[in-house]
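The values are calculated or read from the model by the stated rules, or taken from the named source; none is laboratory data. Computed from a predicted model, the values in this text were never measured in an experiment. Cβ: placed from backbone, ideal geometry, glycine included. Neighbour counts: every protein chain shown. When the accessible area is computed, the model is the full protein with side chains, heavy atoms only, and any ligands, DNA or RNA have been set aside. Shrake-Rupley method; radii C 1.70, N 1.55, O 1.52, S 1.80 Å.
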Amino acid sequence: MRYIKLLLSGMMLTTVISCNLFSPKNISNDFRWKNKKFDQPYGINLQYIPEVKTELPTSREPWFYNATDSTDTDKKYRVEELLEKKFRKRNIVYSQSAKVILRIDKLLFKEYAEPVQVYDGDMEYIGDSTQDFFIFEISASLIKNDSLIQHINLQHHYNNEPRESYVFDGVIVMGGGNASASKMIENSISEFSYRVYQAISEQSENMGK
């Protein structure tokens, strides 16, 4: 009975992997910069005035979040809320009287697809499919005493590429996995918060607080 359970578990795991029912892109990346934070609260004046650019077609669930072209896309993805959450983890707090200003200048949300032909391992043609692309970009200016300290830019590319299933011959699956755009954006902002922390730390060491 034990061996049957192990066999069934192995078959289920193989099916999940081969059909990409789970994507590692959906896992939080906070652990990569754990404890990278200021010892004491560090105040910044956040100016959230981004130019929001979107190119998000509808109807390709479950690969990416279903959104329409809109300048409110940042609200759908809770960008401002996520910024505060990730900064708080670094002990960076908002203060209008702070000398250091972080101005969010630009947000880009882009999703598109390109038609591709899919082949198996022997280069035999299987069929036509689409390769899905997702791009998120955030740009900001770090300013102190009316002088630009550093321009901080982060761009995240991701794509779902079709391929033949590892289990079912001739069946096309998406090689990128069932990735969530919301989670990819959250992970991007997590990395962005670390870059801001890093820039402030370097500036403080070079010029003093």
Over the range 136-174, the set of residues open to solvent by less than 30 Å² (accessible area, probe 1.4 Å) and under 17 Å from residue 50 (Cβ atoms) is 136, 137, 138, 139, 140, 141, 142, 143, 152, 154
Go through the range 92-125 and give me each residue that's modelled with pLDDT of 90 or more and among the small types (Gly, Ala, Ser). 95, 97, 98
Among the residues of the range 109-125, how many are open to solvent by less than 30 Å² (accessible area, probe 1.4 Å) and either free of Cβ contacts under 8 Å to residues at least 24 places away in the same chain or over 16 Å from the mean Cα position of the chain (by Cα) (or both)? 1
What are the pairs with Cβ atoms under 7 angstrom where one residue, in the range 25-52, is charged (D, E, K, R) and the other, located anywhere, is in a loop (DSSP other than H, G, I, E, B)? Sequence gap at least six, or different chains. 25/177; 25/179; 36/90; 37/90; 37/91
Determine whether the range 126-135 contains at least one residue that is surrounded by fewer than 18 Cβ atoms within 10 Å (Cβ to Cβ), modelled with pLDDT of 90 or more and of a type in the set (Ser, Thr, Tyr). no
